[in-house]
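The values are calculated or read from the model by the stated rules, or taken from the named source; none is laboratory data. It should be emphasised that the depicted structure is a prediction, and the values quoted were computed from it without experimental measurement. When we count neighbours, we look across all protein chains shown, and the Cβ atoms used for this are built from the backbone with ideal geometry, even at glycine. These accessible areas exclude ligands, DNA and RNA; they are computed on the full protein's heavy atoms, side chains included. Shrake-Rupley method; radii C 1.70, N 1.55, O 1.52, S 1.80 Å.
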Amino acid sequence: MARIAGVNIPTNKRVVIALQYIHGIGPAKAKELCEKVKIPSERRVAELTDAEVLQIREAIDRDYMVEGDLRREVAINIKRLMDLGCYRGLRHRRQLPVRGQRTHTNARTRKGKAKPIAGKKK
């Protein structure tokens, strides 16, 4: 099992798919990374040599922000918005949808399980 950027990558999957298990690498960046390191897209992780895994690891370290660093930066950005007291920061603070979605109905993922309101009948 290859370990890249602190993540164990599944060995039986294609390289392009397996790289997407790393936080911060999606389909486009995975494809770009394979082209940069010159690995064919149909190749499996189990078929990679140690040198190729090392090349991928170095390319990710050099060119991309992934895993812990990326999570930390996102958390800092959200904290900055909350400290500023701007609209988006207030929405984060109250754990409500940030990007303009309706909250009268739906938004259950963000708001959590529905809380009953005492004495409310129609």
Residue 89 is checked against (1) in contact (Cβ under 8 Å) with a residue 24 or more places away in the chain; (2) among the small types (Gly, Ala, Ser); (3) farther than 16 Å from residue 21 by Cα and fails just one. What number does that condition carry? (1)
Could you check the range 1-12 and list, in sequence order, the residues that are crowded, with 16+ Cβ neighbours inside 10 Å and more than 17 Å from the chain's Cα centre (by Cα)? 2
Tell me, which residue of the range 13-32 that is in a helix (DSSP H, G or I) and free of Cβ contacts under 8 Å to residues at least 24 places away in the same chain is surrounded by the most Cβ atoms within 10 Å (Cβ to Cβ)? 30
For residue 9: the one exception among (1) farther than 21 Å from residue 71 by Cβ; (2) in contact (Cβ under 8 Å) with a residue 24 or more places away in the chain: (1)
So, in the range 77-113, exactly how many residues are assigned to a helix (DSSP H, G or I), among the aliphatic types (A, V, I, L, M) and open to solvent by less than 100 Å² (accessible area, probe 1.4 Å)? 4
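What are the residues in the range 56-68 that are farther than 16 Å from residue 31 by Cβ and more than 17 Å from the chain's Cα centre (by Cα), if any?
Step one: of the range 56-68, the residues farther than 16 Å from residue 31 by Cβ are 57-58, 61-62, 65, 67-68.
Within the range 56-68, 57, 58, 62 qualify.
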In this structure, does residue 46 turn out to be at pLDDT 90 or above, exposed (fewer than 11 other Cβ atoms within 10 Å of the Cβ) and assigned to a helix (DSSP H, G or I)? no
Output the residue which, of all residues in the range 57-76 that are in a loop (DSSP other than H, G, I, E, B) and of a type in the set (A, V, I, L, M), is nearest to residue 1 (Cα to Cα). 66
Could you give me the residue pairs with C-beta distances under 8 Å whose first residue belongs to the range 37-56 and is of a type in the set (S, T, N, Q), whose second residue is at pLDDT 90 or above wherever it lies, and which are 6+ apart or on separate chains? 41/14; 41/15; 41/16; 41/31; 41/34; 55/37
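Look through the range 33-42, keep the residues that are in contact with a helix residue (DSSP H, G or I) (Cβ under 7 Å, 6 or more places away or on another chain) and at pLDDT 90 or above, and return whichever of them is surrounded by the fewest Cβ atoms within 10 Å (Cβ to Cβ). So that I can check it myself, show each step before the final result.
The first filter runs over the range 33-42 and keeps only residues in contact with a helix residue (DSSP H, G or I) (Cβ under 7 Å, 6 or more places away or on another chain), leaving 33-34, 36-37, 39, 41.
From what is left, the residues that are at pLDDT 90 or above are 33-34, 36-37, 39.
On the way: 33: 21, 34: 19, 36: 12, 37: 18, 39: 20.
It comes out as 36.
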